Amino acid sequence: MIGELYGVDGRALSRQYKSNLSNFKDWKAGCHAADYLIYPQNISKQLSIDETAFTNGDLYTIVTSKQAKGKKGSIVAIVKGVQAEHVSKCIKLIPKSQRDKVEEITLDMAHTMINISTNTFPKAKQVTDRFHVQKLANEAVQNMRIKYRWEAFDIDNAEFELAKSKGITYVAELLPNGDTLKQLLVRSRCLLFKHHSKWTEKQKERSKILFERYPEIHKAYKLSMALYYIYENIKDKGVAYTKLAHWYNDVEKSEFKIFNTVIRTIQQHYISILNYFDNRSTNASAESFNSKIKAFRSQFRGVRDVNYFLFRLEKIFA
């Protein structure tokens, strides 16, 4: 952009910066950068761990400091891959005395991230990101909607074939809001992700028709929102424990098989899920940092030279 403004070849300027101005050639970490980078000086009491892809689907595990708030000093470690043994070995290059300073680490529910955190930050309390738990409940509701949607397609196709065999024109039933049944189930997707207080007037009208037609979707939606309420409003860990136990019982009573995954997940991660209510920490900082990396990657139209990409990340965020 600057090159074009002043009549300079932008590509030539970029090559000149990489080769001569940036000190990239003298980068000491360059010999192992594609495998791992560590920044012990950026360790803080609260960390996040997540995975992201740089190019061609190659995954990297990234540990970031919450204290830096996505700015300089954010990156604690970048390690190629998500294999727990390898990633742990690289992060352990940071002295144990510094790793033991970490009090809390937020993460998703991937077992690899849990194993890495346990191996490298043994004194840190693990906190399961609330949004991953809520996402499971939301997806359970959506799966139920999709199941009914396919059923509506089958019914619609059968009625069309019947009308065709009788030589008459098939006209789909129109609901009070002007939707067909198929449209109702397609257009209800967004409203089922939201709390009812955030619905538009059209979504309120659509939800009323949807829930009258499909009371099971209504029950599933209420279960999902009950979980949302716990996360949004409960501040005390003891109260949260009780509320989650009641919610668990309500799910079991509903006998919705589609919620079994949610139940099993809560069973497996009960302690780290409850740890959220100590400081209400989430993995949002890690997700935000991943977005910055993706934006940075797209700005330069992909990653052609991984080492150089990591070098630029270091200059900005480490």
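Could you please tell me which pairs satisfy a Cβ distance under 7 Å, a separation of 6+ or placement on different chains, a first residue in the stretch 48-73 that is assigned by TED's automatic domain parsing to the domain that holds residue 107, and a second residue that is at pLDDT below 80 and assigned to a loop (DSSP other than H, G, I, E, B)?
54/303; 55/302; 55/303; 60/54
Hey, among 205, 212, 287, 216, which residue is in a helix (DSSP H, G or I), without any contact (Cβ under 8 Å) to a residue 24 or more places away in the chain and of a type in the set (Asp, Glu)?
212
Give me the residue from the stretch 170-192 that is among the hydrophobic types (A, V, I, L, M, F, W, C) and under 35 Å from the mean Cα position of the chain (by Cα) and, out of that set, surrounded by the fewest Cβ atoms within 10 Å (Cβ to Cβ).
Step by step, filter the stretch 170-192, then rank; the result is 190.
Do we have residue 272 as small (Gly, Ala, Ser) and surrounded by 15 or more Cβ atoms within 10 Å (Cβ to Cβ) here?
Taking the combined requirement at face value, the residue satisfies it.
Between a first residue in the stretch 92-113 that is closer than 16 Å to residue 271 by Cβ and small (Gly, Ala, Ser) and a second residue that is at pLDDT below 95 and surrounded by 13 or more Cβ atoms within 10 Å (Cβ to Cβ), which pairs have beta carbons less than 6 Å apart while being 6 or more apart in sequence or on different chains?
Listed pairs, sorted by first residue: none to list.
Of the conditions (1) farther than 19 Å from residue 283 by Cα; (2) crowded, with 19+ Cβ neighbours inside 10 Å; (3) polar (S, T, N, Q), residue 97 satisfies every one except a single condition; which number is it?
(2) is the only condition that residue 97 fails.
Select from the stretch 40-56 the residues that are touching a helix residue (DSSP H, G or I) at 6+ places or on another chain (Cβ under 8 Å) and of a type in the set (Ser, Thr, Tyr) and write down the one among them that is surrounded by the fewest Cβ atoms within 10 Å (Cβ to Cβ).
Filtering the stretch 40-56 for residues that are touching a helix residue (DSSP H, G or I) at 6+ places or on another chain (Cβ under 8 Å) and of a type in the set (Ser, Thr, Tyr), the one surrounded by the fewest Cβ atoms within 10 Å (Cβ to Cβ) comes out as 55.
Return yes when residue 221 is at pLDDT 95 or above, surrounded by 15 or more Cβ atoms within 10 Å (Cβ to Cβ), under 30 Å from residue 130 (Cα atoms) and assigned by TED's automatic domain parsing to the domain that holds residue 261 and no when it is not.
It is true that residue 221 is at pLDDT 95 or above, surrounded by 15 or more Cβ atoms within 10 Å (Cβ to Cβ), under 30 Å from residue 130 (Cα atoms) and assigned by TED's automatic domain parsing to the domain that holds residue 261.
Residues of the stretch 188-202 being of a type in the set (A, V, I, L, M) and either without any contact (Cβ under 8 Å) to a residue 24 or more places away in the chain or in contact with a strand residue (DSSP E or B) (Cβ under 9 Å, 6 or more places away or on another chain) (or both), which ones?
If the condition is that a residue be of a type in the set (A, V, I, L, M) and either without any contact (Cβ under 8 Å) to a residue 24 or more places away in the chain or in contact with a strand residue (DSSP E or B) (Cβ under 9 Å, 6 or more places away or on another chain) (or both), then 191 is the only one that fits.
Provide a single number: the residues in the stretch 1-59 that are basic (Lys, Arg) and at pLDDT 90 or above.
Summing the residues that are basic (Lys, Arg) and at pLDDT 90 or above in the stretch 1-59 gives 1.
I need the full set of residues from the stretch 257-271 which are of a type in the set (A, V, I, L, M) and over 18 Å from residue 113 (Cα atoms), in order please.
Correct list: 258, 262, 263.
Of the residues 208, 243, only one is over 18 Å from residue 143 (Cα atoms) and surrounded by 18 or more Cβ atoms within 10 Å (Cβ to Cβ); which?
The match here is 243.
The values are calculated or read from the model by the stated rules, or taken from the named source; none is laboratory data. These numbers were taken from a predicted model, which means no experiment stands behind them. In this analysis, Cβ positions are derived from the backbone assuming ideal geometry, glycine residues included, and neighbour counts consider all displayed protein chains.
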